[in-house]
Amino acid sequence: QVQLVESGGGLVQAGGSLRLSCAASGRTFSTSIMAWFRQAPGKEREFVAAVWWSSGRTYYAESVKGRFTISRDNAKNTMFLQMDSLDPEDTAVYHCAARLSYAGMSYDWSAYDYWGQGTQVTVSS
């Protein structure tokens with residue numbers, strides 16, 4: 001089993017930045033993809049970004065391209081989401097997720113096997 005713990009959320013002004021972290025523990029060798037999803041009040045959970053753990057290949061939702069950067073530190077089993085130029089529309093609970101090694105890339109939250117508890121990001125006007 002893999003445990004995921006997010007941190008780094010908070011309240012920022014529009015145009016500001018935050019860096020989210022997701023620390024993985026347990027059987028981390030079994031994961032292939034790690035991703036960020038977010039869910040705003042009254043909205044469906046949506047894909048934000050993902051990284052292929054071994055190669056570092058990244059994927060982004062169109063809404064965050066050019067503003068968010070996903071990365072990972074293999075030695076620390078930690079994934080990051082650097083969020084710049086934040087907009088109030090980015091306000092949401094951000095969750096990290098992991099997909100097992102036998103699986104490929106997916107944009108669908110239901111395809112992911114492990115989830116963190118979520119961290120709140122609030123962007124004020």
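Could you check how many percent of all C-alpha pairs in the chain are farther apart than 17 Å?
Working: 3957 of 7750 pairs.
Cα-Cα pairs of the chain separated by over 17 Å account for 51 percent.
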Query raised in the report: Tell me, which longest segment in the chain has none of the trypsin sites (Lys or Arg not before Pro) that fall in DSSP loops with at most 14 further Cβ atoms within 10 Å?
Result: 77-125
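Contour minus end-to-end for residue 14 and residue 120, with contour as 0.36 nm per residue of separation and end-to-end as the Cα-Cα distance?
Working: separation 106, 0.36 × 106 = 38.16 nm, distance 1.53 nm.
In short, 36.6 nm is gained.
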Query raised in the report: Which GluC sites (Glu not before Pro) from the range 22-110 combine a DSSP loop assignment with at most 15 other Cβ atoms within 10 Å?
Result: 44, 62
Requested in this report: Rank 116, 32, 106 by how far each Cα sits towards the positive end of the charge dipole of the chain (+1 on Lys, Arg Cβ; -1 on Asp, Glu Cβ) and give me just the farthest.
Outcome: 32
**Report entry** Distance-filtered residues of the range 20-54 - backbone nitrogen under 13 Å, label point 7 angstrom along residue 107 Cα→Cβ
**Finding:** 46-50
Query raised in the report: By the scheme Lys and Arg +1, Asp and Glu -1, what is the net charge of all other residues having a beta-carbon under 11 Å from that of residue 63?
Result: -2
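Provide the net charge surrounding residue 101, with neighbours chosen by a C-beta distance below 14 Å and charges set as Lys +1, Arg +1, Asp -1, Glu -1.
Numbers: positive: 27, 99; negative: 113.
Its environment carries a net charge of +1.
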Requested in this report: Taking the Cα centre of the range 11-96 as origin, sum charge times position over the Cβ atoms of Lys and Arg (+1) and Asp and Glu (-1), and report the length of that vector in debye to the nearest 20.
Outcome: 360
Report summary line: Stretched fully, the stretch from residue 57 through residue 5 gains (0.36 nm per residue minus C-alpha distance, one decimal, in nm) 16.5 nm
Report summary line: the chain, Gaussian network, Cα under 10 Å: of 80, 68, 29, the residue fluctuating most is 29
Report summary line: Taking protein heavy atoms only, a 1.4 Å probe, and rounding to whole percent, the accessible area of the range 52-110 owed to carbon and sulfur comes out at 48
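The values are calculated or read from the model by the stated rules, or taken from the named source; none is laboratory data. Small disclaimer: the values here were computed from a predicted structure and weren't measured. Backbone-built Cβ (ideal geometry, glycine too); neighbour counts: all protein chains shown. Heavy atoms of the whole protein, side chains included, go into the accessibility calculation; ligands, DNA and RNA do not. Shrake-Rupley method; radii C 1.70, N 1.55, O 1.52, S 1.80 Å.
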